[in-house]
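Visitor: Below is the structure I would like to discuss, written out as structure tokens.
The values are calculated or read from the model by the stated rules, or taken from the named source; none is laboratory data. Remember, it's a predicted structure, so these values are computed and weren't measured experimentally. So basically every Cβ, Gly included, is an ideal-geometry build from the backbone, and we count neighbours across all protein chains shown. In case anyone asks, the SASA skips ligands and DNA or RNA and just uses the protein heavy atoms, side chains included. Shrake-Rupley method; radii C 1.70, N 1.55, O 1.52, S 1.80 Å.
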Amino acid sequence: MERAEAYGFSGAMSGTFLLSCLLFAAVSRRQRGPYMDEVFHVPQAQAYCHGRFLQWDPMITTLPGLYLLSVGVVKPAAWLLGWTGSVVCSVGMLRFINLLFSAGNFYLLYLLLFKIHQKNKAVSGFQRILSALTLAVFPTLYFFTFLYYTDPGSVFFTLFSYLMCLYGNHKTSALLGFCGFMFRQTNVVWTVFCAGNVVAEKLNEAWKIELQKKKDEKISSRKGSFSDLTRILQFLVEYLISPKNLVTLTALTWPYIILVSLFFVFVFINGGIVVGDRSSHEACLHFPQLFYFLSFTVLFSFPYLLTPTKIRKFLLSLRKHPVQYSLITVMSLFLIWKFTYVHKYLLADNRHYTFYVWRKVFQRHELVKYLLVPCYIFAGWSFADTLKSKSIFWILMYFVCLVAVTVPQKLLEFRYFILPFLIYRLNIPFLSLYRQLLELAFYILVNAVTFYLFLNRTFQWENSDEVQRFMW
């Protein structure tokens, strides 16, 4: 990092943290007590603060990583600063833990952008800083910086694990992956993703050697025609059934294999992935979650995905491959018809934006969910098109992880899209400075509206005296 870039990054990070502290103070003044899921998280952390480690709220569905880390930070800080009484492990103090995670996420996002795009000499330091700043204030993640939720910590350990994987520190990466798993069980998928990065790299090397042997210039390690993809899949199977290759891959990925094995042991002993209230978190094959994720990604990456050039390229592709797109359309319609689920929370809780998205869009008419298929197909094509700089093996690996982390979820919840979105966004090429600034301006606008609604547009339910607020 050059001196000017270092100063620029320090200024951006310091300024963002200062503004976040001011916003944190505003949120804490308006909402002093626990809100939404905080009514479970805060008392549980306070029980740990008082040494009651055997106490557990059965409504909590995640492992105790957030509470253990909170106690590990707050207790030493209270001892050093002489804090006593109710201030120790208060709601505000616990929420501040996530403000620290937010600063850490800013730094990790910058380091990941630097590492992933280090070969692209055309990218300036200012662009890296700007992109890290934009992702650090990504609305769905940034909102939960100011509440005591698991999301900032979950993202922090997962990004840290990914960074260590890219630098080849796989034992450290797996250990950090375990920390992420302790925050949210589904983060084990991103441990598989880290292992998949290693496997994809080896596969790409072997594929290039295979191409050189055959001297076949028509096939590349990038996405190509259907016949090319078939040959690549055939090569993939042949490579992975070779005992020699399996031994090599196992030697490289054994830390991740151990962690995934521990995960399956946990699932067997626990009787499932959820540790608390399982009635509201039933796994199912909810394939339309992929379509919702793609739509979510197009919205928050519209300067990259929703451009006139992209639309023209998509229409050209549509004209060149009508049969393939017809098959995709039929498959999409079938998946929507047979695998659309509506969670009771989605219909009942009018504090979440997803409630209004579902009511205003999907519940307007029974046919709406089918009429959106062309939009989903464009979103999927545009999404894949921005990843064409990655190897086909990386794309396959990422897609498997994307399916694993989204499809089993019955509830449409934007928080579940945070990590797959960030991983995607980190790996797409940098665009022009204008588009980066447009993306940042859009995120700032969304955050401004979100916090305005949360702080000022309160309402009450008929059967409750508590103040209700709109949130993600």
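Visitor: Once fully extended, how much extra length lies between residue 167 and residue 5, figured as 0.36 nm per residue of separation less the alpha-carbon to alpha-carbon distance? List each step's numbers first, then the result.
Guide: Details: separation 162, 0.36 × 162 = 58.32 nm, distance 2.14 nm.
Going from the current span to full extension adds 56.2 nm.
Visitor: I would also like to ask the following. How far is the Cα center of segment 134-205 from the Cα center of segment 251-268, in Å?
Guide: 16
Visitor: Return the inverse of the average 1/r over all pairs of distinct C-alpha atoms in the chain, which is the Kirkwood hydrodynamic radius, in Å to one decimal. List each step's numbers first, then the result.
Guide: Values: mean 1/r = 0.0415 Å⁻¹.
Roughly 24.1 Å, rounded to one decimal.
Visitor: Under the 0.36 nm per residue contour assumption, what length would be gained going from the current alpha-carbon distance of residue 321 and residue 68 to full extension? Walk me through the intermediate numbers first.
Guide: On the way: separation 253, 0.36 × 253 = 91.08 nm, distance 5.37 nm.
Fully extending the segment from residue 321 to residue 68 adds 85.7 nm.
Visitor: I need the calculated FRET efficiency for the pair residue 384 and residue 465, taking r as the beta carbon distance and R₀ as 51 Å, to the nearest 0.05. Show your work: numbers first, answer last.
Guide: Numbers: r = 50 Å, r/R0 = 0.98.
Result of the calculation: an efficiency of 0.55.
Visitor: Now a separate question. Report, to the nearest 10°, how far helix 125-136 tilts away from the longest principal axis of the Cα atoms in the chain, using its own Cα long axis and a range of 0 to 90°.
Guide: Around 60 degrees separate the two axes.
Visitor: Within a Cβ distance under 14 Å of residue 276, other residues only, what is the Lys/Arg minus Asp/Glu net charge? Provide the component values of the computation, followed by the final result.
Guide: Working: positive: 184, 278; negative: 37, 57, 277, 282.
Value of the local net charge: -2.
Visitor: Moving on to the next point. Considering only Cα-Cα distances, which of the following residue pairs are longer than 18 Å: 202/244; 202/390; 115/390; 320/390?
Guide: Numbers: 202/244 13 Å; 202/390 14 Å; 115/390 14 Å; 320/390 23 Å.
Over 18 Å apart, Cα to Cα: 320/390.
Visitor: Say R0 is 35 Å: what FRET efficiency, to the nearest 0.05, do residue 247 and residue 119 get from their beta-carbon distance? Write down the numbers at each step before the final one.
Guide: Details: r = 30 Å, r/R0 = 0.86.
Efficiency for this residue pair is about 0.70.
Visitor: Highest mean first, what order results for 86-95, 18-27 on Cβ atoms within 10 Å?
Guide: Numbers: 86-95: 18.1, 18-27: 14.3.
So the order, starting with the most tightly packed, is 86-95, 18-27.
Visitor: Right, here's the next one. Using protein chains only and a probe of 1.4 angstrom, how many square angstrom of residue 83 are accessible, to the nearest 10?
Guide: Number for this one is 90 Å².
Visitor: Between residue 438 and residue 458, what FRET efficiency follows from the Cβ-Cβ distance if R0 is 30 Å, with the result rounded to 0.05? Before the final figure, lay out each step's value.
Guide: On the way: r = 32 Å, r/R0 = 1.06.
My answer for the efficiency is 0.40.
Visitor: Here is a further query. Can you give me the % of accessible surface on the chain that is carbon or sulfur? Probe 1.4 Å, all protein chains present, nothing else counted.
Guide: 66
Visitor: Against the longest alpha carbon principal axis of the chain, how many degrees, from 0 to 90 and to the nearest 10, is the axis of helix 38-49 turned?
Guide: The two axes meet at around 70 degrees.
Visitor: Ordered by packing density, taken as the mean number of other Cβ atoms within 10 Å over each peptide's residues, highest first, how do 106-119, 325-338 rank? Display every interim value, and only then the final one.
Guide: Numbers: 106-119: 18.1, 325-338: 13.9.
The packing order, highest mean first, is 106-119, 325-338.
Visitor: Which lysines have a Cα less than 29 Å from the Cα of residue 75, not counting those fewer than 8 places away in the same chain?
Guide: Excluding near neighbours in sequence, the set is 171.
Visitor: What is the distance, in nm, between label points placed 7 Å from the Cα along the Cα-to-Cβ direction at residue 278 and at residue 212?
Guide: 5.2
Visitor: Among the lysines, which have Cα under 21 Å from the Cα of residue 410 when same-chain residues fewer than 8 positions away are ignored?
Guide: 338, 344, 360, 369
Visitor: If you don't mind, there's one more thing I want to ask. Work out how much length residue 77 to residue 361 would gain on full extension: take 0.36 nm times their residue separation and subtract the Cα-Cα distance, in nm to one decimal.
Guide: Numbers: separation 284, 0.36 × 284 = 102.24 nm, distance 4.79 nm.
Extra length from residue 77 to residue 361 when fully extended: 97.4 nm.
Visitor: For segment 382-461 and segment 269-339, what is the separation of their Cα centres, given in Å?
Guide: So the two Cα centres are separated by 13 Å.
Visitor: Sticking with this structure for a sec: At 1.4 Å probe size, with every protein chain present, just tell me what the per residue accessible area of the chain comes to in Å². Walk me through the intermediate numbers first.
Guide: Numbers: 23080 Å² over 472 residues.
Averaged over the residues of the chain, the accessible area is 49 Å².
Visitor: May I pose another question? Can you tell me which aspartates and glutamates have their Cα less than 17 Å from the Cα of residue 208? Leave out same-chain residues fewer than eight positions away.
Guide: 216, 217, 228, 238
Visitor: Relative to the first principal axis of the alpha-carbon coordinates of the chain, what is the inclination of helix 188-214, with its axis defined by its Cα atoms, in degrees from 0 to 90 and to the nearest 10?
Guide: 20
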